[in-house]
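S.K.: Okay, here's the structure, questions in a sec.
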Amino acid sequence: MKFTVALPDFQKLVQQVFQAVPPRSTLPVLENIHFELNENSLEAVATDQELTIISSINVEGDGNGRVLAPARKLNDIVKALGNSGSLTVDVDPSMFKLTLKTDRGEYVMFGLDPNEFPPRPDVSGGVEASFARSTIQRIAQKTTFAVSKDEYRPALTGILFKFNVDSFNAVGTDSIRLACLTLEGTEEYPLPGKEFEAIIPARTVELMKRAESDTTLRLTATHACFEMNNTTVITRIIDEKFPPYEAIIPSDNDKLIKFLPSEALGSIKRVSLFSSAISRQVQFKISGDTWTIIGSDHESGNQATETIPCEYDGDDLDISFNFRFLQEVLDHVANGSDERAVLAVSTPSKAVLIKPLVKDGGDGEEEVESKELLMLVMPSRPVNT
């Protein structure tokens, strides 16, 4: 088994599958990448038995074969070789010996028997749906930030992919924040037309931020499979019940504040530097077209205040938030620095909704609330810090 490949292409292949290599494993075989050469096609596979990534590239092949290569050592040397030139890999299958040759030198490492590598999950059958590249990237970008890091609440560590008859919802929540993206099928990318759902680990959905092509999703009873050009990502789904998120989305938030998220985000970042490190709280005082943002720490005496413009015609409003949670919501709600949003409130103690404002497409280009994206964040109880 021998092949020659452009170094940048091989680097990309190794780094693509390396994301599935476990940092530490009780099974040494999982710390390797499985390579298989079939004529001029080189396939690489890595897995931690929860996530499996398969990718392939074209090479100049000489003799078919398989080998397991130590993932970290291979990744390190390939990165250190730079991003130009070519690489020749010669494999001695009797010793699982890999010899890497460039115009600079020769590098020898020993792998393992490829027969020890676990078989890839069976994802045949199931239900399929296709997404445009921009859509699958948007799903990942708008939802994964809101998931929980609490391993004792596994359902909240993933993204709910919920297919309805005529729409699709992607939902991430940690019970303090919630992000929900609602999409409808198109002629080019129709929905399956049936109801089904699965909780896909956020780690896997995160990979879709870098999707390089349109993507086909296949869901079975145990696994989700994302198929893209030359790359397949397979993950075990989270076998838990997602909380009834629709029940916590309020329908009576009638106090509407229109504002520029980029402006609010900048003020919150500066003001929060003066907030208590314990409560991480910022206070909003909204009156008419004036939005005052306050950060203070009573213990040290630090305090900062900024004022930004907004549109609001309701009663004066005083509400507090954990600035870290709010920052992340505001950072993801708008698509650009000039896109406005609306903050919908009922009382200072109940969930707040934040939606982008989009043009309605009419002659007047009036702003309306987006029907696609909804963010929710829970206020915090005002404290004397």
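S.K.: Calculate for the chain the 222 nm mean residue ellipticity that helices alone would give, adding -39,500 (n - 2.57) per DSSP H run of length 4 or more and normalising by residue count, nearest 500 deg cm²/dmol.
M.R.: Working: 6 runs with 61 residues, N = 385.
After summing the helix terms and dividing by residue count, I get -4500 deg cm²/dmol.
S.K.: State to the nearest 20 debye the size of the charge dipole of the chain about its Cα centre, where the only charges are +1 on K and R beta carbons and -1 on D and E beta carbons.
M.R.: Details: 38 positive and 57 negative charges, 257 e Å.
Computed charge dipole of the chain: roughly 1240 debye.
S.K.: Compute the long axis of helix 261-271 from its Cα atoms, compare it with the longest principal axis of the Cα atoms of the chain, and write down the angle in degrees, 0 to 90, nearest 10.
M.R.: 80
S.K.: With the Cα gyration tensor of the range 1-160 in hand, give its eigenvalues times 5 under a square root as the equivalent ellipsoid semi-axes, listed largest first in whole angstrom. Intermediate values should be presented prior to the final figure.
M.R.: Details: eigenvalues 197, 67, 54 Å².
Calculated on Cα positions only, the semi-axes equal 31, 18, 16 Å.
S.K.: Report, in degrees rounded to the nearest 10, the 0 to 90 angle that the Cα long axis of helix 133-143 makes with the longest principal axis of the chain.
M.R.: 50
S.K.: Right, another one. Compute the Cα gyration tensor for the range 109-222, then decide on rounded, prolate or oblate, letting a ≥ b ≥ c be the square roots of its eigenvalues: rounded whenever a/c is under 1.5, prolate when a/b is larger than b/c in the other cases, and oblate in all that remain.
M.R.: Details: a/c = 1.78, a/b = 1.29, b/c = 1.38.
It comes out oblate by the Cα gyration axes.
S.K.: Show me the trypsin sites (Lys or Arg not before Pro) within the range 304-385 that DSSP assigns to loop and that have at most 15 other Cβ atoms within 10 Å of their Cβ.
M.R.: Answer in residue order: Lys350, Lys371.
S.K.: How much net charge surrounds Lys194 when only other residues with a Cβ under 13 Å from its Cβ are counted (Lys, Arg +1; Asp, Glu -1)?
M.R.: Details: positive: Lys162; negative: Glu128, Asp166, Glu195, Glu197.
Local charge sum for Lys194: -3.
S.K.: Then there's this: Would you mind getting the Kirkwood hydrodynamic radius of the range 5-100 from its Cα pairs, rounded to one decimal in Å?
M.R.: Computed over Cα pairs of the range 5-100, the Kirkwood hydrodynamic radius comes out at 13.5 Å.
S.K.: A follow-up question, please. For Ile159, which sequence-distant residues (separation of 5 or more, or a different chain) have an amide H within less than 5 Å of its own amide H, given hydrogens modelled in the peptide plane?
M.R.: Here the answer is Ile200, Ala202, since their amide H atoms fall under 5 Å of that of Ile159.
S.K.: Filter the trypsin sites (Lys or Arg not before Pro) in the range 220-266 to those in DSSP coil with at most 15 other Cβ atoms within 10 Å of their Cβ, and list the result.
M.R.: Working: sites: Arg236, Lys241, Lys255, Lys258; in loops: Lys241.
Qualifying residues, ordered by number: Lys241.
S.K.: Using only C-alpha positions, report the orientation-averaged shadow area of the convex hull of the chain, nm², one decimal. All intermediate terms of the calculation are to be shown ahead of the outcome.
M.R.: Details: hull surface 95.5 nm².
For the chain, the mean projected area of the Cα convex hull comes to 23.9 nm².
S.K.: A further question on this structure: How far is helix 71-80 tilted off the main Cα axis of the chain, in degrees rounded to 10, range 0 to 90?
M.R.: Tilt relative to the chain: about 80 degrees.
S.K.: Moving to a separate point now. At what distance in nm do the modelled label points of Glu39 and Ser251 sit from each other, each positioned 7 Å from its Cα along Cα→Cβ?
M.R.: It works out to 6.0 nm between the two label points.
Read-outs: derived from the displayed coordinates by stated rules, not from any lab. Computed from a prediction, not measured in an experiment: that's the story for all the values here. Note that we place each Cβ from the backbone using ideal geometry, even for glycine, and neighbour counts take in every protein chain shown.
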